[in-house]
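Data first, discussion second: the structure below is written as structure tokens.
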Amino acid sequence: NGELFWALSSISPIYNHQGTISSFVINLEDISDRKDAEVLIEHLAYYDPLTDLPNRRLMQDRLDLAMKRSRRLNSPTALLYIDLDRFKQVNDTLGHQAGDQLLLEVAHRFQCVLREDDTICRIGGDEFAVILHNIQRDSDAALVAEKLVEQAAKPFHLDDCEIFIGASVGIALYPKDAQTAEELIKHADIALYHAKERGRGIYCFFDQVLNEL
């Protein structure tokens, strides 16, 4: 029908009585289904199946690239860890399907306030991470964190119910707060923990004092 398809091909020579090649036989096998399955498997290895956002594995790769870019351009990178507040209550009262709908809406809202070259990932049940490039001042990362908190604080409408949740954000900066990706992730997680400890619905920068508590 004119559509492109993947094919596994083999070409075999046909010899005549004189021992020279007189023709060729070409065999084509349509392997489109196999290739489509390989693409799907590869996609599932790097992307969250619900939100289609990069998962934790791809976040590691993106973070490594962001830090290399940061060193090359002498331009800081920020890692934001985000945890939704009261999400478990939604799952417990309205069910997991409503929880999935909520996560999809949260992911959409977060994407709308980020720049095109920023990366947002879903790294756990109700946990997200954002990689911000070219952060010249702490206030640049704080402004994004404020927008994310604001989006999570707005009401959600699920199954004719108005739902209020919220979000807490932990922020760590490279190279100010860490020298490796693993260390940056750890420090963003520590900052998130202290944001939740301070009352939720807020953001908190990593500070070495927090690491000593």
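The values are calculated or read from the model by the stated rules, or taken from the named source; none is laboratory data. Remember, predicted model here, so these are calculated numbers, not experimental data. Cβ coordinates were reconstructed from backbone atoms using ideal geometry, including for glycine residues, and neighbour counts include every protein chain displayed. For accessibility, only protein heavy atoms count, side chains too; no ligands or nucleic acids. Shrake-Rupley method; radii C 1.70, N 1.55, O 1.52, S 1.80 Å.
Structural remarks
- Remark: pairs (first residue in segment 1-17, of a type in the set (Val, Ile, Thr); second residue part of a loop (DSSP other than H, G, I, E, B) and surrounded by 10 or more Cβ atoms within 10 Å (Cβ to Cβ); Cβ separation under 8 Å; 6+ apart in sequence or on different chains) are absent.
- Those helices (runs of 4 or more DSSP H) of segment 27-135 in which at least 3 residues are touching a residue at least 12 places away in the same chain (Cβ under 8 Å) and in contact with a strand residue (DSSP E or B) (Cβ under 6 Å, 6 or more places away or on another chain), considering only elements entirely within it, cover 56-73, 96-112.
- Subset of segment 105-128 [open to solvent by 70 Å² or more (accessible area, probe 1.4 Å), within 18 Å of ALA167 (Cα to Cα) and either of a type in the set (Lys, Arg) or under 13 Å from the mean Cα position of the chain (by Cα) (or both)]: HIS108, GLN111
- For SER75: the one exception among (1) open to solvent by 50 Å² or more (accessible area, probe 1.4 Å); (2) out of contact with any Pro (no Cβ under 8 Å at 6 or more places or on another chain): (1)
- Positions within segment 150-161 being touching a strand residue (DSSP E or B) at 6+ places or on another chain (Cβ under 8 Å) and either touching a residue at least 60 places away in the same chain (Cβ under 8 Å) or open to solvent by 80 Å² or more (accessible area, probe 1.4 Å) (or both), in sequence order: ALA152, HIS157
- Taking segment 63-72 as the range and being within 13 Å of THR119 (Cα to Cα) and open to solvent by 80 Å² or more (accessible area, probe 1.4 Å) as the test, only LEU65 passes.
- Members of segment 136-171 that are touching a helix residue (DSSP H, G or I) at 6+ places or on another chain (Cβ under 8 Å), at negative phi and assigned to a loop (DSSP other than H, G, I, E, B): LYS154, PHE164, ILE165
- Residue in segment 165-174 that is at pLDDT below 95, open to solvent by 60 Å² or more (accessible area, probe 1.4 Å) and more than 27 Å from ALA45 (Cβ to Cβ) present: no
- Among the residues making up segment 136-149, those that are among the hydrophobic types (A, V, I, L, M, F, W, C) and either open to solvent by less than 10 Å² (accessible area, probe 1.4 Å) or more than 19 Å from the chain's Cα centre (by Cα) (or both) are ALA141, ALA142, LEU143, ALA145, LEU148.
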